[in-house]
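These notes concern the structure reproduced below.
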Amino acid sequence: MSFPIRRSIEWGPRARIDAPASLKTSEKPLVDSPRLQDYFHDEEERQALTRAMFDHSADLYDRVEGWTGLGRGRLYRRQALQRAGLGSGMRVLDVATGTGLVAREALTLIGPEGRLVGLDPSPVMLAEARNALGIETVEGYAEAIPLPGDQFDFLSMGYALRHVKDLETT
């Protein structure tokens, strides 16, 4: 399995390259971390490479998460959703749903009366979630959710904040 990652041997610092004005949502640079600049030249490249990474890892994602979470992930996610107030019959948008790890636990809490929609930019991850859970899915980014907000009572987002370009917009 190969990834089209540009950083192959380029370990030294690179000059900052700003994205076109049409992609900017704030005065902060899109790739403002010197470390991230070693990986991405601009927002378009960040999105493409992040999507490729998740598309290529979708079939192993749940297994790897089980190892790294020492088997405690399901309980942790369910308890976090309960503490946040998720309950029976609620309508949930799971942003960056991936393979459905958070969505799986949300489904147990909302029951058959509830509704869950998974949103993710990776079509391969969404296919894994649909196949495993039978949920409705939508391809999209957290920064520009392509759904009306009044359809949902609850929004969940696992560890994906590290993958968004602008926290204020998200």
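If we keep just the residues of region 124-141 that are in contact with a strand residue (DSSP E or B) (Cβ under 6 Å, 6 or more places away or on another chain) and of a type outside the set (Lys, Arg), which is most open to solvent (accessible area, probe 1.4 Å)?
We begin by selecting, within region 124-141, every residue in contact with a strand residue (DSSP E or B) (Cβ under 6 Å, 6 or more places away or on another chain); these are 126, 129-130, 135-138, 140.
With the extra rule that they be of a type outside the set (Lys, Arg), the set shrinks to 126, 129, 135-138, 140.
Working: 126: 5, 129: 0, 135: 16, 136: 86, 137: 33, 138: 30, 140: 11 Å².
Taking the candidates together, the pick is 136.
Each residue in region 78-97 was checked for being among the hydroxyl-bearing types (Ser, Thr, Tyr) and touching a His at 6+ places or on another chain (Cβ under 9 Å), and 0 of them qualify. Filtering region 150-170 to residues that are under 13 Å from residue 92 (Cβ atoms) and either without any contact (Cβ under 8 Å) to a residue 60 or more places away in the chain or not small (Gly, Ala, Ser) (or both) leaves 151, 152, 153, 154, 155, 157.
Answer with yes or no whether residue 90 is touching a Phe, Trp or Tyr at 6+ places or on another chain (Cβ under 7 Å) and over 21 Å from residue 44 (Cα atoms). For residue 90, the condition - touching a Phe, Trp or Tyr at 6+ places or on another chain (Cβ under 7 Å) and over 21 Å from residue 44 (Cα atoms) - is met. The numbered conditions (1) surrounded by fewer than 18 Cβ atoms within 10 Å (Cβ to Cβ); (2) touching a residue at least 40 places away in the same chain (Cβ under 8 Å); (3) assigned to a loop (DSSP other than H, G, I, E, B) are all true for residue 113 except (2). When region 90-108 is filtered for residues that are over 23 Å from residue 51 (Cβ atoms) and open to solvent by 30 Å² or more (accessible area, probe 1.4 Å), the ones remaining, listed by number, are 90, 91, 107, 108.
Contact map, region 83-103: first residue assigned to a helix (DSSP H, G or I), second residue of a type in the set (A, V, I, L, M) and open to solvent by 30 Å² or more (accessible area, probe 1.4 Å), Cβ cut-off under 7 Å, separation 6 or more or different chains; pairs are 103/133.
Within region 142-170, if we keep just the residues that are open to solvent by 70 Å² or more (accessible area, probe 1.4 Å) and under 20 Å from residue 53 (Cα atoms), the residue that is modelled with the lowest pLDDT turns out to be 162.
The values are calculated or read from the model by the stated rules, or taken from the named source; none is laboratory data. Predicted model, so just to flag it, every value in this text is computed and none were measured. Virtual Cβ from ideal backbone geometry, glycine too; neighbours counted across all protein chains shown. Heavy atoms of the whole protein, side chains included, go into the accessibility calculation; ligands, DNA and RNA do not. Shrake-Rupley method; radii C 1.70, N 1.55, O 1.52, S 1.80 Å.
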